[in-house]
Amino acid sequence: MKTLKDARVGETVTVVKLHGEGPVKRRIMDMGITKGVELHIRKVAPLGDPMELNVRGYELSVRKGDASMIEVS
């Protein structure tokens, strides 16, 4: 299982499944990250957290903890 946390800068991935429960999963979905959406990894901060993504035409920063709950292909 590959997660968003494992994706490299410059890579474009597709969301396969969201893990997590309740408010955490809802917050990820509210940010526009849902099944089937393409995510482009733009940058990763110098210390590795957070990572900046392009999602549905806008830029979004996601913490590594949240990125580990997003399964991608």
Original post:
Using beta carbons and a limit of 9 Å, which pairs, at least six apart or on different chains, have the first residue in region 45-68 and on the phi > 0 side of the Ramachandran plot and the second one surrounded by 15 or more Cβ atoms within 10 Å (Cβ to Cβ) and outside any loop (DSSP other than H, G, I, E, B)?
Top reply: GLY48/LYS64
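Right, VAL15: modelled with pLDDT of 95 or more and closer than 15 Å to LYS2 by Cα or not?
Working: modelled with pLDDT of 95 or more: yes; closer than 15 Å to LYS2 by Cα: yes.
For VAL15, the condition - modelled with pLDDT of 95 or more and closer than 15 Å to LYS2 by Cα - is met.
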Original post:
Since GLY20 meets every condition but one in (1) part of a loop (DSSP other than H, G, I, E, B); (2) open to solvent by 90 Å² or more (accessible area, probe 1.4 Å); (3) in contact (Cβ under 8 Å) with a residue 40 or more places away in the chain, which condition does it not meet?
Top reply: (2)
Original post:
Which residues, counting only those in region 51-73, are under 15 Å from MET31 (Cα atoms) and open to solvent by less than 40 Å² (accessible area, probe 1.4 Å)?
Top reply: MET51, GLU52, LEU53, VAL55, LEU60, VAL62, ASP66, ALA67, ILE70
Original post:
Where residues in region 30-50 are touching a helix residue (DSSP H, G or I) at 6+ places or on another chain (Cβ under 8 Å) and not in a strand (DSSP E or B), which of them is most open to solvent (accessible area, probe 1.4 Å)?
Top reply: ASP49
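The values are calculated or read from the model by the stated rules, or taken from the named source; none is laboratory data. None of the values given here were measured: they were computed from a predicted structure. Glycine also receives a Cβ, built like all others from the backbone with ideal geometry; neighbour counts cover every protein chain displayed. Areas reflect the complete protein model, heavy atoms only, side chains present, ligands, DNA and RNA absent. Shrake-Rupley method; radii C 1.70, N 1.55, O 1.52, S 1.80 Å.
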